[in-house]
Amino acid sequence: MRIPIYQVDAFTDKPFAGNPAAVCLLEAWPEDSLLQAIAAENNLSETAFLVKREKSYELRWLTPVAEVDLCGHATLASAYVIFNHVDPALHNVTFDTRSGELSVRREGDLLCMDFPALPAAPCACPAALLDGLGIQPGEVLRSTKYLAVFDTEEEVRMLQPNMDALKKLDLMGVIVTAKGTTVDFVSRFFAPKVGVPEDPVTGSAHCVLTPYWAQRLDRNKLHARQISLRGGDLYCELLGDRVVISGRAAMFLKGEITLGLVNE
């Protein structure tokens, strides 16, 4: 078995920044156990697997330990591979996923993803969240992920979470956020429960963040920055029950997975 594989840094315009994702092009779906083994071997926050259909691609995302319902940076990376290495004449691509139909269009060097908005509702602060962050957020909300809001960018930047405590959360992870000093808002994302202690840049988190900050700042177009060690920039727009999340990407490597081959 030979599987083309690409590694792309998403939400950045240069290698060694943003969030690296592996993109694997398949002719058909193998056993789930093989997908999980490849994702574990890649040991990135997500590996994207694509199967071409007549007018779209089926797309699945796996962390080193689990399949997830939605992943932004690996979708961006997948679109980058299609636009630059599979079908350069294409300007729009549609993906069929666990989260429904997702589309990506390119506008110059920006890739614009059409994702569902996932507004969060206020909730009590779980004990595991407080234990994990070690500091009381000003506000806690709940969507597909917890959203912990702090007063300053510096508080978000200086957090050193207890990952063992955060593993006890009932949701997959926690987004921490604050108003930015040079951008509209900043964030970090921790998901040790699914094998991702800190994700460098998280597109799906901005499905939650964009509705929150659009309401709080009273505007629908926002510039966001995820302030992990690698860091990345996202351009977000709230359109009713959808969020357009845009960013750039940079190629790191292209290769081939070879399984069951001797002396290769």
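Scanning region 6-62 for residues that are hydrophobic (A, V, I, L, M, F, W, C) and part of a loop (DSSP other than H, G, I, E, B), we see that the one that is nearest to Asp233 (Cα to Cα) is Phe11. Within region 134-176, being closer than 25 Å to Asp69 by Cβ and basic (Lys, Arg) holds for Arg142, Lys145, Lys167, Lys168. The set of residues in region 170-196 being farther than 16 Å from Ile227 by Cβ and more than 19 Å from the chain's Cα centre (by Cα) consists of Asp170 alone.
Taken together, Leu34, Leu62, Leu110 contain a single residue that is out of contact with any strand residue (DSSP E or B) (no Cβ under 9 Å at 6 or more places or on another chain) and modelled with pLDDT of 95 or more, which is Leu34.
Residue count for region 245-264, restricted to those that are touching a helix residue (DSSP H, G or I) at 6+ places or on another chain (Cβ under 9 Å) and more than 17 Å from Val186 (Cα to Cα): 7. Under the condition of being farther than 12 Å from Gly132 by Cα, surrounded by fewer than 22 Cβ atoms within 10 Å (Cβ to Cβ) and touching a strand residue (DSSP E or B) at 6+ places or on another chain (Cβ under 9 Å), the residues counted in region 171-200 number 9.
The values are calculated or read from the model by the stated rules, or taken from the named source; none is laboratory data. These numbers come from a predicted model, not from an experiment. All Cβ positions, glycine included, derive from the backbone under ideal geometry; neighbour counts span all protein chains shown.
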